[in-house]
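The values are calculated or read from the model by the stated rules, or taken from the named source; none is laboratory data. Predicted model, so just to flag it, every value in this text is computed and none were measured. Ideal geometry is used to build each Cβ from the backbone, glycine not excepted, and the neighbour counts take in all protein chains shown. Protein only, heavy atoms only, side chains kept; ligands, DNA and RNA dropped before computing areas. Shrake-Rupley method; radii C 1.70, N 1.55, O 1.52, S 1.80 Å.
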Amino acid sequence: VGIDIGLTSCKMVEVKSKGNSYELVHWGIEPITAGGPKEAVKKLLASVQEAGFPPATAVHGKGTLIRYIDLPRMSFDDLQRSFVYEADKYLPFNADQIYMDMMILDPKEKTNKMSVMIAAAKKEMIEERVGFLKEINIQPDFVTLNPIALANVINVLGIQIKGDNSLPAKKNEAIAIVDIGEQITNVSIISAGLPRFTRDIFVAGADFTKHLSVTLGIPLEEAERLKCNPGDRKDEILKACESVFLNLVSDMRLSFDYFVTEHNMPITRILLGGGASRLE
């Protein structure tokens, strides 16, 4: 069972292993209302068909960080021991303020350098999430970061799109996952099933709503409704949102250009996710 706790809604997915793959057993989306996120999560978990497994969850945004660095090749045990003393070179947080994990992305290569992904989150974020779940009698045993959770899905399952070749991409091409949430858009670029680039862009769904509210002179609630269901005002809404959309695209383009230049590898597909990805 996986739980995603957002700003406007909570989502749940329940899967079970089936042969070499997984079967979707149940899923749900519950809006956050006056009862707050706790009530939303309780409602979702009440529908889980096979209770007993602690849910996995993830955090994202400010206070989290993913870095990709090249280091002299060494064993994973040596990496864990040595990086404690090197962390301040690569992370803007004190080591005693964060939980941190790492992965060697190219363990089978014979080169002198290795590519390493470092993931970190402030302790207060993780402890707040664990405390939140404990208050509703859940003891989580796995907390990750949103971009890594998405990369895990592609790495384990791949994705089949309308009969095209399944993903992840081949070694010489990359796929971008653009996860557009309420306050943050996360861009993750994956090659051969593994993440190679991650960046948070602070232009997202709420910015469209605020801009619509100001441009059209309407309350935020009305702007949110029109954003999600423009009806026969679609062209007007699109025009009003254009500047926000151009800001988002500009930041995405900068990320893509940096990756292509750095890795000499084309981005062949873009996968859109997050609530705001469903906007007209």
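Ile270 - would you say it is among the β-branched types (Val, Ile, Thr) and part of a loop (DSSP other than H, G, I, E, B)?
The answer is no for Ile270.
Does the stretch 44-67 hold any residues that are over 15 Å from the mean Cα position of the chain (by Cα) and crowded, with 16+ Cβ neighbours inside 10 Å, and which are they?
Leu44, Leu45, Val48, Pro55, listed by residue number.
Please work out which residue is most open to solvent (accessible area, probe 1.4 Å), limiting yourself to the stretch 174-213 and to residues that are in a loop (DSSP other than H, G, I, E, B) and among the aliphatic types (A, V, I, L, M).
Taking the candidates together, the pick is Ala192.
Would you say Leu79 is open to solvent by less than 80 Å² (accessible area, probe 1.4 Å) and aliphatic (A, V, I, L, M)?
Taking the combined requirement at face value, the residue satisfies it.
Hey, any hits in the stretch 233-249 for a residue that's more than 28 Å from Ala192 (Cβ to Cβ) and either outside any helix (DSSP H, G or I) or of a type in the set (S, T, N, Q) (or both)?
Yes, some residue in the stretch 233-249 is more than 28 Å from Ala192 (Cβ to Cβ) and either outside any helix (DSSP H, G or I) or of a type in the set (S, T, N, Q) (or both).
Does the stretch 96-116 include one or more residues that are more than 28 Å from Gly131 (Cβ to Cβ), in a strand (DSSP E or B), open to solvent by less than 70 Å² (accessible area, probe 1.4 Å) and in contact with a Lys or Arg (Cβ under 7 Å, 6 or more places away or on another chain)?
Yes, that holds for at least one residue.
Met12 is checked against (1) open to solvent by 50 Å² or more (accessible area, probe 1.4 Å); (2) in a strand (DSSP E or B); (3) hydrophobic (A, V, I, L, M, F, W, C) and fails just one. What number does that condition carry?
(1)
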